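Chemist: I am attaching a structure below and will ask some questions about it afterwards.
The values are calculated or read from the model by the stated rules, or taken from the named source; none is laboratory data. Remember, it's a predicted structure, so these values are computed and weren't measured experimentally. Because the Cβ atoms are built from the backbone with ideal geometry, glycine has one as well, and the counts that use them run over all protein chains shown.
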Amino acid sequence: MPPASARRIQVPSIVINQGLFRRAQCSLSHFAAALIAGAVIVISPIAYAESTPVGPQPIAVRQLPGWTQDRLDGLRQALARQCALRAPPAPWPVLCREMPPAHELRGWIERRFVAWPIADDKGRRDGLITGYHEPLLTGSLQRENDRQTPLYAPPPEVASIAQSAANPRGRVQRWHTRAEIDSGTIEGLEAIAYIDDPVEAFFLHVQGSARVRLRDGSWLRVGYAGHNGHTYRAIGRVLIERGALSREEATAPGIKAWLRANPSLATEVMNSNPRYVFFRRLDTAAADGPVGSLGVPLTAGRSIATDRTRIPQGALMYLDGIDPLSRKPLRIAVVSQDTGGAILGNVRADVFWGAGDEAERRAGLMREQGRLWLLWPADAEPPAVISRAQSAQ
């Protein structure tokens, strides 16, 4: 069947003689050649469909690569957490009432959803997939020495900046830079904790949340509360441009090792990223993950951060990438429950791996090209990210 957009057009009659067939060196069977030998053939008018590109089309969920190999463990927990919100994100108010127990989840997803391929605004399917984790740090509530790095709460005057608000002229408002804030000369800032390791404190600004082990053995969880409005600049790229690290070496472990091995240069390199992140205390159970931008605890291996201006918060998605440790295909169902300052574009995801050493290794090494699908109810109109991808084709 031609697509709905196909147009039927008529082709005029064509007269073909035997000589033309010889000159064209047509590959005909002896039977077909016998039919036209010494004859003039009139081909009647025919109709054919002239198709116009219609862009990406959905596929059945069970056609996703590796779908049946994903055990879906933890997926229902991630979905149930957003269903517990007073107002779950669309289209989940209806879906939450329908969602079955874990052992029936696969069949329900296959029946209820279709998979829309995600592409960027130029129609490209491949995009950057990275990982993040919840660091386990040490620190104190009061400054104990000059080496410690404070985590600041956002001051009132930058509340709008914390939400990336724009002024009437359409420019994002900016406050002091990282270098200015870390100089300690700005009055009125409230430190919610002091981190022992300055390198880990810097990376916390990228990860967005952490648990801090205090001197009495208790834990304090801190999370993202906004930023100073400046553009994020990856220091890994800075080190590559300066020839300090190769592209292969510029992973989180490699960057940390370089900063610790070059303390006289570390502060200047870290300050080359002018963005500064502010934090808040989070009152969540230690067993739960940190709270993402959707307002629910993140689930290791199932929650991802996406660009909220492109991907609907709470969206069920599917990721086809590479496992950073085994180097085997990583094909998993995920849920968009967080955002990040460096997570921009349609085909861009940051996978939350949890806490601990293995989670840190996965997050630090994960920087791969991958693909994303949006799993959307089959009976519902897909969101704008699909329309943009279709128009790019």
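Chemist: Between a residue in the range 369-387 that is closer than 17 Å to Trp92 by Cα and small (Gly, Ala, Ser) and any residue that is assigned to a helix (DSSP H, G or I) and modelled with pLDDT of 95 or more, which pairs come within a Cβ distance under 7 Å, given they are 6 or more apart or on different chains?
Modeler: Ala378/Arg112
Chemist: Take the range 254-272 and flag every residue that is in contact (Cβ under 8 Å) with a residue 60 or more places away in the chain and exposed (fewer than 13 other Cβ atoms within 10 Å of the Cβ).
Modeler: Arg260
Chemist: Please go through the range 108-145 and give me each residue that is surrounded by fewer than 16 Cβ atoms within 10 Å (Cβ to Cβ) and of a type outside the set (D, E, K, R), ordered by number.
Modeler: The answer is Trp108, Gly123, Thr138, Leu141, Gln142, Asn145.
Chemist: Just give me the residues in the range 207-253 being buried (at least 16 other Cβ atoms within 10 Å of the Cβ), within 24 Å of Gly354 (Cβ to Cβ) and among the small types (Gly, Ala, Ser), in sequence order.
Modeler: Once the filter is applied, which keeps residues that are buried (at least 16 other Cβ atoms within 10 Å of the Cβ), within 24 Å of Gly354 (Cβ to Cβ) and among the small types (Gly, Ala, Ser), the range 207-253 yields Gly208, Ser209, Ala210, Gly223, Ala225, Gly236, Ala250, Ala252.
Chemist: Further question on the same structure: Give me the pairs, please: first residue somewhere in the range 211-232 and over 30 Å from Gln173 (Cα atoms), second residue anywhere and among the polar types (S, T, N, Q) and in a strand (DSSP E or B), beta-carbon distance under 6 Å, and either six or more positions apart or on two chains.
Modeler: As it stands, the answer is Arg213/Thr138; Arg215/Ser140, since those pairs meet every condition given.
Chemist: Next up: How many residues are surrounded by fewer than 20 Cβ atoms within 10 Å (Cβ to Cβ) and part of a strand (DSSP E or B) when one looks only at the range 355-370?
Modeler: 4
Chemist: Hey, does the range 163-173 have a residue that's buried (at least 18 other Cβ atoms within 10 Å of the Cβ) and either modelled with pLDDT of 95 or more or on the phi < 0 side of the Ramachandran plot (or both)? Spell out the reasoning first.
Modeler: Applying the first criterion (buried (at least 18 other Cβ atoms within 10 Å of the Cβ)) to the range 163-173 yields none.
No, because not a single residue in the range 163-173 is buried (at least 18 other Cβ atoms within 10 Å of the Cβ) and either modelled with pLDDT of 95 or more or on the phi < 0 side of the Ramachandran plot (or both).
Chemist: Next question. Please return the ranges of strands (runs of 3 or more DSSP E) entirely within the range 235-349 where 2 or more residues are modelled with pLDDT under 95.
Modeler: Once the strands (runs of 3 or more DSSP E) in the range 235-349 are filtered for at least 2 residues that are modelled with pLDDT under 95, what remains is 277-282.
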